[in-house]
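Trainee: Quick one: the structure is below, and I'll ask about it shortly.
The values are calculated or read from the model by the stated rules, or taken from the named source; none is laboratory data. In this text the structure is predicted, and so the values were computed from the model without any measurement. Neighbour counts run over all protein chains shown; Cβ positions are idealised from the backbone, glycine included. Surface accessibility is based on the protein's heavy atoms, side chains included, excluding ligands, DNA and RNA. Shrake-Rupley method; radii C 1.70, N 1.55, O 1.52, S 1.80 Å.
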Amino acid sequence: MANSQLKDMQELLRKAKMLPEIVEPEKSIFSIGGRRHWENPTTEILAFFCDNNAAHELGDLVLKSLIQCLHTKYHNLDFSLNKPPEREVRTPSGKRIDLLLESERWVIVLENKIFHVQNNPFTEYEEFVMQGTRRFFNDKEAIFVVLSPDGMVTGASDKWKGISYECLIEKIKQHLSEHFINHPLNKWVVLLREFILHLEGLLMSKSNTVEDENIEFVLKNIISIKELQDLKTLSIKQWHES
């Protein structure tokens, strides 16, 4: 092998060592089950834990965490529902709202977006609540929320507020640590922790800058990497035969 070729390969290895390490998210029961990118299971679990009257015995912990990710003007709202959360709520035209949370004084319309483009009929969802398709919404404060990894809202009016997974995770962890002081560990706390790991995994999958950099490096140097692999194979073979 020419001296210049060897130097090129040494330089390639040096650059490869400088690439950012890809950190795998901690496994959860959801990622093991192979459903980690599905919006519906994620929203179903969120709905369960947002129900302060559900069997998890965590009260308003998750609902409070969700609302506290909004502007501080919402932080004085009551953190309790007057009915179970509703999933896939149909509008008159047949569109479906991901999650509807209703209190005595407010109603939250929540769209959970993981990887899909935000092309929902947001205006129709607003009309469904604010124009009294359900009359009992008339006197309640309507809060429109898009929950997503980055907390950004696109394609909707300024009525819609963004909540990031990072904020929700942070608030749940904060209140969960307070919960541990007066309550013993139970299966629902374990499942909530698994849900947090699930959200963190989705967040890491969405933030794929590191992966993109590594992929770009490999594609740019694909021929040199192949030559390096061939050299490795040949060198090991010669070493065994010597």
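Trainee: What are the residues in the stretch 90-99 that are touching a helix residue (DSSP H, G or I) at 6+ places or on another chain (Cβ under 8 Å) and closer than 18 Å to ALA47 by Cα, if any?
Mentor: As a first pass, look at the stretch 90-99 and keep what is touching a helix residue (DSSP H, G or I) at 6+ places or on another chain (Cβ under 8 Å): 91-93, 95, 97-99.
Correct list: ILE97, ASP98, LEU99.
Trainee: Find the residue count for the stretch 46-91, including only residues that are in contact (Cβ under 8 Å) with a residue 40 or more places away in the chain and over 23 Å from ASP158 (Cα atoms).
Mentor: 11
Trainee: Now, a different point. In the stretch 218-242, how many residues are within 21 Å of PRO20 (Cα to Cα) and open to solvent by less than 70 Å² (accessible area, probe 1.4 Å)?
Mentor: Final tally of qualifying residues: 5.
Trainee: Are any residues in the stretch 140-155 out of contact with any Asp or Glu (no Cβ under 9 Å at 6 or more places or on another chain), open to solvent by less than 70 Å² (accessible area, probe 1.4 Å) and not in a strand (DSSP E or B), and if so, which ones?
Mentor: The answer is VAL153, and nothing else.
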